[in-house]
Amino acid sequence: MPKVSEDLAKRFATEKNSKYQDWVRAEGLDIIAGHYVPNLHHVEVKPWPRRGGAGVYINHEASRHSNDCYVCDIPAGGKLAPQRQLFEEMIYVLDGHGSTSVWNDAGQKVTFEWNAGSLFAIPLNCWHQHFNGSGQEKARYLAVTNAPMVINLYEEADFVFNTPYDFKSRFSGEPEYFSNEGTQNGFLLETNFVANTRTLPLINAKERGAGGGHIRFNLAKGSMNSHISEFPVGTYKKAHLHGPGAHVIILDGSGFSFMWPENSPLQRYDWQEGSMIVPPDRWYHQHFNTGKTPARYLALKYEGTSIRNEQGVPKAWISKRIGGDQIDYADEDEMVRHVFEEELAKNGLESTMQPVYEAERATLEASVSTNE
């Protein structure tokens, strides 16, 4: 990030803090401010009296005004306190198994079970309570919410957490609300519960490079965005950039990612199952599978940060050559392929990217011929 004089920085110092940050500190929790967490299973948490568990916030500076992230532990044989809130929340289960009850002021209630790898969302302003299904081990989940915008807007926590209103178009106590089903429309799966993100079938997405699979979710009829991407052994995805707040959680595989602001050196982050990277606002990022199994990740973010063209396609899916925010393989830094091949060799593997490069080259040449 560019630096300015201390004098100028001091004149903006009071604007750096927010009501949201004050609220997190009042909860008694720490905020991890980095954009890389090596292993979510092992991050340290503190007692969270209001929730009845333990937690920590992971809130990168670039996303503190749009969405946030926290990790929460439910004690063995325990449960969290009931809660409702006027912000949306998506939950990914990291460890353990248990159940969640969701209900509204009309008294309509649904209870469903979850396991490590499950993904679901809490319908807006519904009461909900999480239960640990094990009497021996803690359960741990990660949540991404749009609380920063809501708390900064209303400022009063009592209003955010204690306003009685049922959004009936979001939840009306439907018995099958959290069934492992949904409606597929293109890449988008409209659902409220994914039983296992690690085995969910995906749709081919050649536009993101290297024959990977992809699926997007609309959870609990919310405004937040999530998707799963997977790419085969010996491959890597095209570099792209977008707005802030994408929390990328590694579900399976091993490898590394490069992240960098434009015209700056590439920064490397190694990952495995349980790692998380949070690309800062408008930083390029590129993911590489150097392991012996397909690599799969889950991205949770606020949809409002997505920039799309007039057809509704995210610019992160469109080549820079025609005004998008994705770098074609043919235009990437020369060192990218060398580093990738070196890392594969350490694991006794070879790149399978040559047919991908050649197919892209043919497409690019055809595009040039058409435009001449």
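The values are calculated or read from the model by the stated rules, or taken from the named source; none is laboratory data. Since the model is a prediction, treat every value here as computed from it, not as a measurement. Cβ coordinates were reconstructed from backbone atoms using ideal geometry, including for glycine residues, and neighbour counts include every protein chain displayed. What goes into the accessible areas is simple: the full protein's heavy atoms, side chains included, and nothing from ligands, DNA or RNA. Shrake-Rupley method; radii C 1.70, N 1.55, O 1.52, S 1.80 Å.
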With the condition kept exactly as written, say whether any residue in segment 58-75 is more than 22 Å from the chain's Cα centre (by Cα) and outside any helix (DSSP H, G or I). yes
Just to be sure I understand, how many residues within segment 173-188 are assigned to a loop (DSSP other than H, G, I, E, B) and open to solvent by 40 Å² or more (accessible area, probe 1.4 Å)? 8
Looking only at segment 110-119, which residues are at negative phi, crowded, with 18+ Cβ neighbours inside 10 Å and not in a strand (DSSP E or B)? Ser118
Of all residues in segment 47-68 being touching a strand residue (DSSP E or B) at 6+ places or on another chain (Cβ under 6 Å) and either open to solvent by 30 Å² or more (accessible area, probe 1.4 Å) or at pLDDT 95 or above (or both), which is nearest to Met149 (Cα to Cα)? Val56
Within segment 324-350, of all residues that are in contact with a helix residue (DSSP H, G or I) (Cβ under 8 Å, 6 or more places away or on another chain) and open to solvent by 40 Å² or more (accessible area, probe 1.4 Å), the one nearest to His242 (Cα to Cα) is Asp331
Looking only at segment 120-143, decide whether some residue is touching a residue at least 60 places away in the same chain (Cβ under 8 Å), over 18 Å from Leu219 (Cβ atoms), surrounded by fewer than 19 Cβ atoms within 10 Å (Cβ to Cβ) and in contact with a helix residue (DSSP H, G or I) (Cβ under 7 Å, 6 or more places away or on another chain). no
Filtered residues of segment 1-35 (kept if outside any loop (DSSP other than H, G, I, E, B), open to solvent by 70 Å² or more (accessible area, probe 1.4 Å) and either modelled with pLDDT under 85 or farther than 29 Å from Tyr154 by Cβ (or both)): Glu6, Asp7, Lys10, Arg11, Thr14, Glu15, Lys16
Considering only residues that are among the aliphatic types (A, V, I, L, M), touching a strand residue (DSSP E or B) at 6+ places or on another chain (Cβ under 8 Å) and under 26 Å from Phe159 (Cβ atoms), which ones fall in segment 75-109? Leu80, Ala81, Met90, Ile91, Val102
Test result for Gly182, within 30 Å of Arg337 (Cα to Cα) and at pLDDT below 90: no
Of the conditions (1) of a type in the set (Ser, Thr, Tyr); (2) modelled with pLDDT under 95; (3) open to solvent by less than 10 Å² (accessible area, probe 1.4 Å), Tyr92 clears all except one; give me its number. (2)
Quick one: would you say Gly213 is open to solvent by 10 Å² or more (accessible area, probe 1.4 Å) and touching a Leu at 6+ places or on another chain (Cβ under 7 Å)? yes
What number of residues within segment 276-293 are open to solvent by less than 60 Å² (accessible area, probe 1.4 Å), under 24 Å from Pro232 (Cα atoms) and either part of a loop (DSSP other than H, G, I, E, B) or of a type in the set (Val, Ile, Thr) (or both)? 5
